[in-house]
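The values are calculated or read from the model by the stated rules, or taken from the named source; none is laboratory data. This structure is a prediction, so every number in the text was calculated from the model and none was measured. Cβ placement follows ideal geometry from the backbone for every residue including glycine, while neighbour counts extend to all protein chains displayed. Please note that ligands, DNA and RNA were not included when accessible areas were found on the heavy atoms of the full protein model with its side chains. Shrake-Rupley method; radii C 1.70, N 1.55, O 1.52, S 1.80 Å.
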Amino acid sequence: MRGLYIHIPLCVSRCRYCDFYKVTPKKWLGGARFLDALAVELSNLPQGFSPQTIFIGGGTPSALACDELDRLLQLVRLHVDVSQVLEWSVEVNPNSLDRDKLSVLRAGGANRLSMGIQTFQAEALTLLGRAHTADIAIEAYQLGREMGFEKINIDMIQSVPGLTPLQRSADVDQLLSLAPEHVSYYNLIYEPGTPLTRDRDAGKLELLNDDEEATIYEDIALRLEQAGYAQYEISNFAKVGEECLHNLIYWKGGEYIGCGPSAHSHWQGERYSNRADLESYCSNLTAGESVVEMRERLTPEAKAREILVMWLRLADGVKREEFMEVTGVDLQSLYNEEWVPLIEEKLLEWDGVKLRIPADKRFVSNAVCSVLV
C-alpha cells in the first residue's frame, strides 16, 4: 500500500510534553503562504501518485481557518489521484473544532478523525498543557458524530503523574462511553527540552516507577479488550476492521510520501525528510529550491532490519512469508546471536514461521527492538 502524509505545523498553543515541529499563531506566517508552498510540493509528487491512505497531521490541522482547510483539501484533490483512497484521516483538537470545519472536512473527502483528547481529568489536562476541558472534548466528539464521521480515533495518554487509580479508571470509563472505533493509548514520554521534562528533572512531579506504569498499561489493555477492542499494536486498539491503515503502512514497510515541514518519506528504496523550519520551507519552495534536509538509500538488508523492528510492534508479529514478499529478504537470514538471549528470556518468540513479542512483554518492547536495530 501507498500513503500520503501532510504535516500542518500550526498549534494554537504548545503542549508541555510535545516535541513535534510546530509554530504558534504569533510565529505563523499565514495560511496562504504555507498553502502556496505546499501546492508547489504537491505538484512535484510522482505523476499519477495514487495513495490508498491520506493522513493530515501536525501540529493541529483543525487550527487552520475554514477557508484554509477548504483550500488544503482542494490542493490534495488537484495534485493527487484520490480514486484509490480507502482512509483519509485528519488530526483534530477539541478546542479548535467546530461545525463549519467538520463540514469542510467531510465535503473535501476526509472520512476519519483522529482526536487528541489525552485525558478527561482537569488537573492532568493542565499539567500536559492541553487547551481544552473534558466537556469541550466530549462535545467535539459528539459533534463529529453528528456531522457524519463514522470512523473516529481518540488519542489518550496513560501514566500521567499525579492521578489517583480512580481517576485513571474514570478516564477509561469515559473513553468507553464514547465508543470510538479506534483508540491510541500512549505512554507518557519525557522528551528532551520540553517543559514537562524540566518539571521532572526539578523534582516537581509524582513519578511512577516502571512496575506501576506496566500495571497501568496492562489494566487499560485488559479493559479495552473486554470492551471489544483488539490490541493490534503496542499502543493501538481497534474494533473489528477498524485498524488504522495508514499506520499499518509505516509498521509493515509500505511506501509513503510526506509533505510539509519536518515530514518524512520512504519511497522507492529511499528515505528522506524535509527541513523542520516553516520559513525556509516556504521560501525555498516558492523559489523552486529543495526543502529536503536528509536523504539516504539503505541496503536491502538494512532496510529489512528497519522494517522488522517496526513490524514487531504489531500483536500478530512478523510472518516469514509475508516479510519476504515485502522486503525480498528471508527473515531467517536476519537471525543472529542477538536473537538468542531475547528468545531464551522469552522476550521474543520464534518458531521458524513467525517472530513476535509475547503479549505480556509488549510494555518493554522498546528495549527488545533496540537490540535488533
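A few points about this structure:
- Flag for L97 being open to solvent by less than 30 Å² (accessible area, probe 1.4 Å), under 20 Å from E181 (Cβ atoms) and within 20 Å of the chain's Cα centre (by Cα): yes
- L166 meets each of the listed conditions (1) in a strand (DSSP E or B); (2) over 18 Å from L97 (Cα atoms) apart from (1).
- The residue pairs whose first member lies in the range 170-183 and is at negative phi, whose second member is surrounded by fewer than 18 Cβ atoms within 10 Å (Cβ to Cβ), and whose beta carbons are closer than 6 Å, counting only pairs six or more residues apart or on different chains, are V172/R223; L176/A227; E181/K239.
- Filter result for L127 (closer than 20 Å to T194 by Cβ, of a type in the set (A, V, I, L, M), open to solvent by 30 Å² or more (accessible area, probe 1.4 Å) and out of contact with any His (no Cβ under 8 Å at 6 or more places or on another chain)): yes
- Pairs, first at pLDDT below 95 in the range 301-320, second among the β-branched types (V, I, T) and assigned to a helix (DSSP H, G or I), C-beta under 8 Å, six or more apart: K303/T327; A304/T327; I307/V326; I307/T327; L312/V368
- Taken over the range 22-46, the residue count meeting the criterion of being modelled with pLDDT under 85, part of a loop (DSSP other than H, G, I, E, B) and either of a type in the set (F, W, Y) or open to solvent by 50 Å² or more (accessible area, probe 1.4 Å) (or both) is 2.
- Tally, over the range 47-71, of residues that are more than 17 Å from K101 (Cα to Cα) and either modelled with pLDDT under 95 or surrounded by fewer than 24 Cβ atoms within 10 Å (Cβ to Cβ) (or both): 5
- Count of residues meeting criterion [among the aliphatic types (A, V, I, L, M), open to solvent by 80 Å² or more (accessible area, probe 1.4 Å) and modelled with pLDDT of 95 or more] in the range 183-201: 0
- When residues of the range 188-198 are limited to those that are in contact (Cβ under 8 Å) with a residue 60 or more places away in the chain and of a type outside the set (S, T, Y), the one nearest to Q118 (Cα to Cα): L188
- Single match in R295, R305 (criterion: open to solvent by 60 Å² or more (accessible area, probe 1.4 Å) and closer than 27 Å to S262 by Cβ): R295
- Flag for R112 being modelled with pLDDT of 95 or more, open to solvent by less than 50 Å² (accessible area, probe 1.4 Å) and among the basic types (K, R): yes
- Those residues of the range 202-215 which are touching a residue at least 24 places away in the same chain (Cβ under 8 Å) and either crowded, with 20+ Cβ neighbours inside 10 Å or in a loop (DSSP other than H, G, I, E, B) (or both), in sequence order: L205, E206, L207, L208
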